[in-house]
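The values are calculated or read from the model by the stated rules, or taken from the named source; none is laboratory data. Predicted model only: the values in this text are computed from it and were never measured. In this analysis, Cβ positions are derived from the backbone assuming ideal geometry, glycine residues included, and neighbour counts consider all displayed protein chains. To get the accessible areas, we keep the full protein, side chains included, count just its heavy atoms, and leave off ligands, DNA and RNA. Shrake-Rupley method; radii C 1.70, N 1.55, O 1.52, S 1.80 Å.
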Amino acid sequence: MNSALAVRDQFPAIPPGWHYLDSAATAQKPQSVIDAITRAYGHDYATVHRGVYERSAAMTASFEAARAATASLIGGEEHEVVFTRGATEAINLVAQRYRNGDRKRVLLSQLEHHSNIVPWQLAGYDIDVVPLTEDGRIDLDAAERMASDEHAIVAFAHVSNVLGSILDARRAAAIAHKVGARLLLDGCQAAPRLPVDVAAIGADFYAFSAHKIYGPTGIGALWARKDLLDAMPPWQGGGAMIDRVTFEKTTYLPAPSRFEAGTPHIAGAVGFHAAIDWTRDIGLDALHAHESALVTEARAALRTVPGVTLFGPEDSAGIVSFALDGVHPHDIGTILDDHGVAVRAGHHCAQPLMDYLGVPATARASFAAHSDASDIEALVKGLHAVKRIFG
Ligand code: PMP
């Protein structure tokens, strides 16, 4: 077991004896991120992009430095990053404003999060659904057969929030591009767990949220290729996105500013930057190795509990979904909570995947930098308690 990260004491909201296994929902925050946000509000605070005074210029520099850090985390360029409220808003922005000629279909997969399904429906696209392989990966052979010149976008989760399966993103890009479609990756679960390089992948759009990568809620990013961003019309109107306004006509700033109407989440960006620095200090390779070792250990440990069914592939990225015969996942979650173990129980905003798996819900344990073998031991001990209660 690789528990070498030993960073738990940097997480003030994880008291001793509490086992937080819900990082895929939202990550706990290391002290450096909390400090950065506190400093932003308590010392450095001012508006951005408007002030003529020094404090505002410094805050603007911090805000833009956060954009550069966000871009560089995933191998992109600074001017290609739009700050959004999160991945959900990022995907909605693409669905509402990107147009690929008059193509009206999108190619999604069976395992997508609702935030990579509903925006396409709202934008009026028809959806084709790529099935999964037996072990819970997006079936790219099927995707290759299904992709056609009617598809505007191929939009897949880079890592599934339920199964933890990792997409072969380069192959997905090749499949999309062969038919003239664009590839959007929902990177919500990948950005905190894997080294990501949008240029090497050949992605066109990449969406993720700060709060899953040890940063604050309320901010996330859409990375998009510059030429695609430049071709997209503005979405929301207001301050900060305009060049010149008259009642007759308004002209807009270039991207990414054009997509950031209103006062942004200034302290959120600073916290996002701190979170990215913290994550990069550990190293995404080290994080991935750490979580992979925990997944291997957790899957083996869970198999020792009679009646457990595991979902997803063996090499899942930091996420293990499971069911226990005869016990509803909500009961699992409640009893585990009594034993100091926090897991997610539910449909994980992936109801079509639950339908496909033939279950109403699953229980899900997800790992992070602070996780270690004691979390897995507590989980398994808790599941034995669940079994005792349910006979
Ligand atoms: N996609 C995936 C795969 C996710 O796990 C989540 C968060 N559960 C989202 C999208 C949506 O992210 P947010 O709620 O931060 O916008």
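Observations on the structure shown:
- Scanning the range 233-252 for residues that are in contact (Cβ under 8 Å) with a residue 12 or more places away in the chain, open to solvent by 50 Å² or more (accessible area, probe 1.4 Å) and either within 22 Å of M59 (Cβ to Cβ) or not in a strand (DSSP E or B) (or both) gives P233, W235, Q236, G237.
- Filtered by the rule that a residue be assigned to a loop (DSSP other than H, G, I, E, B) and under 28 Å from A221 (Cα atoms), the range 269-309 gives a lone residue, G283.
- Every pair of residues 6+ apart whose Cβ atoms lie under 8 Å, when the first sits in the range 330-349 and is within 14 Å of the ligand (Cβ to nearest atom) and modelled with pLDDT under 95 while the second is of a type in the set (F, W, Y) and assigned to a helix (DSSP H, G or I): none
- Flag if I91 is within 13 Å of the ligand (Cβ to nearest atom) and farther than 23 Å from P313 by Cβ: yes
- A count restricted to the range 350-370 and to residues that are under 23 Å from E291 (Cα atoms), within 14 Å of the ligand (Cβ to nearest atom) and either among the small types (G, A, S) or surrounded by fewer than 24 Cβ atoms within 10 Å (Cβ to Cβ) (or both) stands at 3.
- Taking the range 159-168 as the range and being open to solvent by 10 Å² or more (accessible area, probe 1.4 Å) and within 15 Å of the ligand (Cβ to nearest atom) as the test, the residues that pass are N161, I166, L167.
- The test for being charged (D, E, K, R), surrounded by fewer than 21 Cβ atoms within 10 Å (Cβ to Cβ) and closer than 30 Å to K178 by Cα holds for D227.
- Of all residues making up the range 124-138, the number that are more than 27 Å from D102 (Cα to Cα) and open to solvent by 20 Å² or more (accessible area, probe 1.4 Å): 4
- With respect to (1) within 21 Å of the chain's Cα centre (by Cα); (2) free of Cβ contacts under 8 Å to residues at least 60 places away in the same chain; (3) surrounded by fewer than 17 Cβ atoms within 10 Å (Cβ to Cβ), the lone exception for I389 is condition (1).
- In the set D375, D325, D285, D331, only one residue is of a type in the set (D, E) and buried (at least 20 other Cβ atoms within 10 Å of the Cβ); that residue is D375.
- Per the conditions (1) open to solvent by less than 10 Å² (accessible area, probe 1.4 Å); (2) within 14 Å of the ligand (Cβ to nearest atom), the sole criterion not satisfied by Q110 is (1).
- Inspection of the range 30-53 identifies no residue that is within 16 Å of the ligand (Cβ to nearest atom) and open to solvent by 30 Å² or more (accessible area, probe 1.4 Å).
- Qualifying residues in the range 188-212 (those that are assigned to a loop (DSSP other than H, G, I, E, B) and within 8 Å of the ligand (Cβ to nearest atom)) - the one nearest to the chain's Cα centre (by Cα): C188
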